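Have a look at the structure below before the remarks.
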Amino acid sequence: MTVTIRTLNELLQPSHLPAHPLATQEYFVNMGPQHPISHGSLRLVLRLDGETVKEVIPVPGFVHRGVEKMCESLTPRQIVPYTDRLDYLSAFMNNWAITRVVETAAGIESNERIETIRTLMSELQRIQSHALWWGVTGMDLGAFTAFLYGFREREVISEIFEETVGARLTMNYIQPGGVMYDIHPNFVKRVKDVMAYMKPIIDEYDTLLSGNVILQERCRNIGILSPEKAIALGCTGPVLRASGVPYDLRKMENYGVYNKVDFNVVVGAVGDCWDRYYVRMQEMRESIRIVEQLIDSIPEGPTMTLRYNLPIEMPEGTYYSQVETARGVFGAFLVAEGKSEKPYPLHFRSPNYNNLWSVTALAPGWRVADIIAILSSLDLVIPDIDR
Amino acid sequence: MDSEELLDIVERIESGATKREKSDRPAVHVPVDRLLSAMRRLRNYQWLSFDMLVTHTAIDWPDDNRFELVYLLYSTVHGHLLERPQ
Amino acid sequence: MSFMDFTDLRYEKRTLGGKILPVVVCPRFNPRSQPMRVFDAVKGLLQGMRLTLGYLLSPSKIVTQQYPENRATLKFPERYRAILKFKYDENGLHKCTGCKNCEVACPNASIKVITRDSVITEDHELDRYIWRLDSCMFCNACVQACPFDAIEMGHAFENAVYDRRLLIYGLNPIAGPAASALENEEDPEVRRRMSDPRTILGGPIPLNGAGLPNLKPVAAAPFVDPLPIAVTDPLPPEDGEGEEVS
Amino acid sequence: MNSAPHIIQIALGAASSWQVKTVSERAADALSSNIWESIAYMAVALAAVGLLITFLGLSLIYVERKLAAHFQCRLGPMRVGPHGIFQTLADTIKLLVKEDIIPQEADKPMHLLAPFLCLAVPVLILGVVPYSPMTQIADVNIGVLFVTAVGGFGVMGILLGGWSSNNKWSMLGAMRAGAQIISYEVSATLALLVVVLFAGTMSLAGIVESQQQGWWIWRAHGVGIVAFIVYVIASTAEINRTPFDIPEGESELTAGFHTEYSGLRFSFFFLAEFINMFVVAALTSTLFLGGWMPFHIGEWEAFNGVMDLVPPGVWFVGKSSFIIFVIMWFRWTFPRLRVDQLMHLEWKVLLPIGLINLLAAALLVLRHLYFFPAA
């Protein structure tokens, strides 16, 4: 078995040098780590011929913090706040992933109320994340106004979180054994208000950007990802669903109370930027449906079934659990030794890492401006890639 | 499909596979020299068709002077999640 | 909606992984004739412009908060997590017993609890409670871990300083036993001796930064005898008097 | 109150007798008698342009920020002065004292020259715009040609700036700008020619005079409206504003051709953009919306009388402001086009429309088929 490893240095050799003095020469540009499109610190090396992209070489790792290694010396409860800092726009879902794996390993029972609250929070965050993504996409494509509208709605949902959780970004809310606090007394009313507010707002989003011919032309048939390619690259979430594969863990894997609610998996028809765009728009509507079905009937029960200071005993073995975050499948692979409550190794399967590499398959042949649309439609969160 | 069935299938297509104990998912060990062919067959056999590599990672066991590569495979056709430490 | 036909949002069933899933397929572009497409495109652009104009003309929809000016009216949810602080009872006494549960629970070792043996009873009691704001990530683990309800997350969020040494806080104004232990003691003189005001470390005083120039250390809360019997037997004036801990 | 109609009378008197005295004419007249008087006129013109640029720069940037903020449910600058009206002034001072960084590998003379070239173009055009019957620096008899020729020169500054920065992103931005501005110049010129055909003169003051009976946007059986729309789109592209801000393309090229500029030189590019916007608005209102001419409706004498009360300068500023508002409105609503879509729009949409429109205009003029034929 041979493995060929090409270093970045080798990749940065132009594939041809001009034979004729008038022939065009390929050149490389760095898109990032300091670039408005990188939304953080992502470096993309573009091999360009004029404005046509020949190759994209992603160079992640600028915000690598060694979270997985750090987790080896932390107890399960201490790992949860670290997962907030991976994909910070899906903090609840990340918490839930590690919570699920720990609960499976340690055999911790949870109850209806806990699961309903977790589901509600995750769906609210999905709406929030997609709203923000919509704004950022608008900004990437030049419509700055959309960016602030997206942030405005994010703020509204953040206030709900702030009231119940006490934090706006790094939640640490969903913990092994339950949730940190019971929902705030105002929670149900506020969520209903916000859902009523969000519905016309999403139509407004459609009016401002989806209905805009410039955005449609920028997205239509750009960066087509075939379903086979998407599966082979391990893309998940809206990126995979836009390619027409209805792979949604909320349906595929019974977790939370998703089996009790009625919602549709949103898929795209072609797999281009437009589909990736619209899948998220429609997912916001579906998430609102889920929230509205659950909000009236939150069952009674304790919100924490485990005493906090008791160690969580995990018998020896390997455990894997995954949840559907706003960007795809976030999984936690845990090996327990059975000796201590700390995981032996812990590996996070982050959706953005796999989604990022799809850009290598998507981008060649398109223009520099299309890279923007493609990257924007992948909805990358860089700390999740680098971990 | 549980771990035993999977082991049967993998044993049939690749010799030397053993069942992995203490895993919450169907999992088999495959010797490293059989890895590539086993992976190919797991992907290409119609009734397996593990077409998505969900994640792969490694577990280091310095006491035994070895490390395991873990591949988590998923079949979008059949809906199996397979953990294949080897 | 220009270029698009929303009836195109197709609801159907698809099979994946042995399951039948309800699926909604995103709208695609409407294959309309060229003049209609141009008309739709212009309509779409104008609708967008009408939307933004609507926002321009309705100042009531402005969401900006004039932050530093509106400090007085800022409202925090009661669970808002910003800084770690001690809970005090009505007599200004803390409840910390120095059990170190919070120190163990802290994911990144932001808390250091130093304990001592009581000068009187030889009991295990709190000496210094050191909290590092610079490495704290406000995960609330310490508060959840505390079995005595001694600490809480406060709302003061404006913690920026010019020297990061100033971000190390000593939280307890009084070293000594928790309020519950102090109540058992009858003699006010013993009680006074049991509790040392932490003049340098008490209150939100920067620990390392105490020696920095131009820095006025805030004194700890004066020790006030918590129990009513002390009223008949007033304490001599204490030298560790200072401002109230905020 | 008494004096206002009086001024209007004078203005209208001047307008009706068409004895516009521009500053350059006064200077030329004075040259034969008193050279100092001539120099004084020139100094007045210079000072006026300088003041105009300063005022435009300060006010337009402020207006842009405020408009952007309110389009986006924000407040915008609020701190410096009441409602932040001195914010731009503060920013200007900040830009003036900032360090002027020149990249080590840059082509230094070109790098230094580019911002000035960029700013010179709109300033030159400001000189020929008739602001009101009495206020114009020079009435060039080939005004439209002058505007087009000088306007086309503006791309030089952008190209130079991008090229001399020795940065690949800047270079891409400059190349895009070159392609874009030169392409859209064609459509803009075709739209201008329509008005020239109708007015029968190239002098900007003459064109305004020719609209005494009605603005060209209305008078030409729809041809004027098409030309107006084409001109607004093309000139928005020419001044690199969203949806055509591809040379800057913030999310793609960081800042395009002016990535490597800082401090004062950056502010020159910035200022040039805003002055350009004013120039475009001024030209649009001059050519299509009657310049300083009041708004008249046919035979409604009472209504027209009321309209005449408004001074011509105010009419000009009002119309220009409206165009500026529309251009800003575009910017804060639309996403950005892609380069090839931009070219597609120009060469396959606007250019054919412009050509057909010009042909139609020629036929209309030949047959005298337009409303309110000038006496």
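The values are calculated or read from the model by the stated rules, or taken from the named source; none is laboratory data. Given the structure is predicted, the values throughout are model-derived calculations rather than measurements. Backbone-built Cβ (ideal geometry, glycine too); neighbour counts: all protein chains shown. Side chains included, ligands, DNA and RNA excluded: accessible areas come from the protein's heavy atoms. Shrake-Rupley method; radii C 1.70, N 1.55, O 1.52, S 1.80 Å.
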Residue among D:Phe334, D:Phe316, D:Phe330 that alone is of a type outside the set (Val, Ile, Thr), part of a loop (DSSP other than H, G, I, E, B) and open to solvent by less than 50 Å² (accessible area, probe 1.4 Å): D:Phe334
Residue in the range A:186-210 that is most open to solvent (accessible area, probe 1.4 Å), counting only those that are facing chain C (nearest Cβ under 9 Å) and in contact (Cβ under 8 Å) with a residue 40 or more places away in the chain: A:Glu204
Within the range A:22-37, considering residues that are farther than 21 Å from A:Ala373 by Cβ and assigned to a loop (DSSP other than H, G, I, E, B), the one least open to solvent (accessible area, probe 1.4 Å): A:Glu26
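Taking only the range A:256-274 into account, find how many residues are more than 21 Å from A:Ala230 (Cα to Cα) and open to solvent by less than 10 Å² (accessible area, probe 1.4 Å). Even if it seems obvious, please write down each step before you answer.
So in the range A:256-274, the residues more than 21 Å from A:Ala230 (Cα to Cα) come out as A:256-263.
Cutting the leftovers down to open to solvent by less than 10 Å² (accessible area, probe 1.4 Å) gives us A:257-258, A:263.
Matching residues across the range A:256-274 total 3.
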Some residue of the range A:341-350 being aliphatic (A, V, I, L, M) and either open to solvent by 20 Å² or more (accessible area, probe 1.4 Å) or at pLDDT below 85 (or both): no
Helices (runs of 4 or more DSSP H) completely within the range A:76-185 that count 3 or more residues being within 14 Å of chain D (Cβ to nearest Cβ): A:112-140, A:144-164
Single residue of D:Gly256, D:Gly157, D:Gly151, D:Gly206 found to be in contact with a Cys (Cβ under 7 Å, 6 or more places away or on another chain) and either away from chain A (no Cβ under 14 Å) or not acidic (Asp, Glu) (or both): D:Gly157
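Sort through A:Leu306, A:Leu294 and tell me the only one that's surrounded by fewer than 23 Cβ atoms within 10 Å (Cβ to Cβ), more than 18 Å from the chain's Cα centre (by Cα), modelled with pLDDT of 85 or more and among the hydrophobic types (A, V, I, L, M, F, W, C). Let's see the steps before the verdict.
Working: A:Leu306 fails: modelled with pLDDT of 85 or more.
Only one candidate passes the filter, namely A:Leu294.
Could you look through the range B:43-75, keep only residues that are touching a helix residue (DSSP H, G or I) at 6+ places or on another chain (Cβ under 6 Å) and open to solvent by less than 40 Å² (accessible area, probe 1.4 Å), and pick out the one that is modelled with the lowest pLDDT? I'd like the intermediate steps shown before the answer.
Our first condition is that a residue be touching a helix residue (DSSP H, G or I) at 6+ places or on another chain (Cβ under 6 Å); within the range B:43-75, this holds for B:48, B:50-52.
Still in the list and also open to solvent by less than 40 Å² (accessible area, probe 1.4 Å): B:48, B:50, B:52.
Values: B:Leu48: 69, B:Phe50: 76, B:Met52: 80.
Residue satisfying both the conditions and the ranking: B:Leu48.
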Hits in the range A:211-258 (condition: over 30 Å from D:Leu342 (Cα atoms), assigned to a helix (DSSP H, G or I) and more than 11 Å from chain C (Cβ to nearest Cβ)): A:Glu228, A:Lys229, A:Ala230, A:Ala232, A:Tyr258
Residue pairs meeting the criteria (Cβ under 6 Å; at least 6 apart or on separate chains; first aromatic (Phe, Trp, Tyr), in the range D:147-173; second open to solvent by less than 20 Å² (accessible area, probe 1.4 Å)): D:Phe153/D:Val121; D:Trp163/D:Ala174; D:Trp169/D:Leu253
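Tell me, please, whether a residue that is of a type outside the set (Val, Ile, Thr) and surrounded by fewer than 22 Cβ atoms within 10 Å (Cβ to Cβ) can be found in the range A:238-246.
The initial filter retains those residues of the range A:238-246 that are of a type outside the set (Val, Ile, Thr), namely A:238, A:240-244, A:246.
After this cut, where a residue has to be surrounded by fewer than 22 Cβ atoms within 10 Å (Cβ to Cβ) as well, the list is A:244.
Within the range A:238-246 (the criterion being of a type outside the set (Val, Ile, Thr) and surrounded by fewer than 22 Cβ atoms within 10 Å (Cβ to Cβ)), the answer is yes, since at least one residue qualifies.
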Test result for B:Ala27, open to solvent by less than 40 Å² (accessible area, probe 1.4 Å), within 8 Å of another protein chain (Cβ to nearest Cβ) and either modelled with pLDDT of 75 or more or under 12 Å from the mean Cα position of the chain (by Cα) (or both): yes
Extreme residue, modelled with the highest pLDDT, among residues of the range C:5-46 that are assigned to a helix (DSSP H, G or I) and β-branched (Val, Ile, Thr): C:Val42
Scan of the range C:100-120 for residues that are in contact with a strand residue (DSSP E or B) (Cβ under 8 Å, 6 or more places away or on another chain), more than 12 Å from A:Gln78 (Cα to Cα) and not acidic (Asp, Glu), ordered by number: C:Lys100, C:Ser110, C:Ile111, C:Lys112, C:Val113, C:Ile114, C:Thr115, C:Arg116, C:Ser118
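Looking for something at positive phi, open to solvent by less than 20 Å² (accessible area, probe 1.4 Å) and more than 16 Å from the chain's Cα centre (by Cα) - is there at least one such residue anywhere in the range D:79-87? Let's see the steps before the verdict.
So in the range D:79-87, the residues at positive phi come out as D:81, D:83-84.
Filter once more, keeping what is open to solvent by less than 20 Å² (accessible area, probe 1.4 Å): D:84.
Now narrow it down to the ones that are more than 16 Å from the chain's Cα centre (by Cα): D:84.
The answer is yes; a qualifying residue exists.
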Odd one out for A:Val265 among (1) away from chain B (no Cβ under 14 Å); (2) touching a Pro at 6+ places or on another chain (Cβ under 8 Å): (1)
Near pairs, Cβ below 7 angstrom, 6+ apart or cross-chain, from the range A:87-116 (surrounded by fewer than 24 Cβ atoms within 10 Å (Cβ to Cβ)) to any residue that is of a type in the set (A, V, I, L, M, F, W, C) and modelled with pLDDT under 85: A:Ala106/A:Ile312; A:Ala106/A:Met314; A:Ile108/A:Leu306
